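Structure first, then comments.
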């Protein structure tokens, strides 16, 4: 077989993307694989070398874990905050990688889950605080001495 660019030369291999026969001069090795000049010009080796960002995967996993851990044990807020931080780091790394990394959707999903869980915990905390304040005010203004009888002057 002959090279598709240089028909007068014997082919030394084939392009791993398109399968065309190429000679030694036309071979472009990228990451241990041989590509033809046309596939290299189209950017195929760069696209083939993409990897999912590890922070993006971790952000999504922590965001998912934050939901049940917050509802069941209350410690999910820690996972949610870490999911937000990792999601932001992952999205920044993916943008700076120039197409070598993927996983922007995973990072975005982890970021959104972290923000939603953190927001819900903050809203629940404010509601609980208002409920306690209301309870203290009602018990302080009642006629019974209750627990706050001697401490009414502090309110």
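Springs between Cα atoms under 10 Å define the GNM used for the chain, and in it the highest mean-square fluctuation of 118, 52, 12 occurs at 12. Relative to the current alpha-carbon distance between residue 5 and residue 61, full extension at 0.36 nm per residue lengthens the span by 15.3 nm.
Suppose only helical runs count, i.e. DSSP H with n ≥ 4. What mean residue ellipticity at 222 nm does that imply for the chain under -39500 (n - 2.57) per run, divided by all residues and rounded to the nearest 500 deg cm²/dmol? Helices in the chain give a 222 nm mean residue ellipticity of -19000 deg cm²/dmol. The mean of 1/r over all pairs of different alpha-carbon atoms in the chain, once inverted, gives a Kirkwood hydrodynamic radius of 20.4 Å. FRET efficiency for the pair residue 85 and residue 50, taken as 1/(1 + (r/R0)^6) with r the Cβ-Cβ distance and R0 = 30 Å, rounds to 0.80. Placing pseudo-labels 7 Å out from each Cα toward the beta carbon at residue 138 and residue 126 gives an inter-label distance of 2.2 nm. Comparing mean-square fluctuations of 60, 69, 130 from a GNM of the chain with C-alpha springs under 10 Å, the top value falls on 130.
Since every read-out is calculated from the coordinates, none of them should be taken as a lab result. Since the model is a prediction, treat every value here as computed from it, not as a measurement. Every residue, glycine as well, gets a Cβ built from its backbone with ideal geometry; the counts of neighbours run over all protein chains shown.
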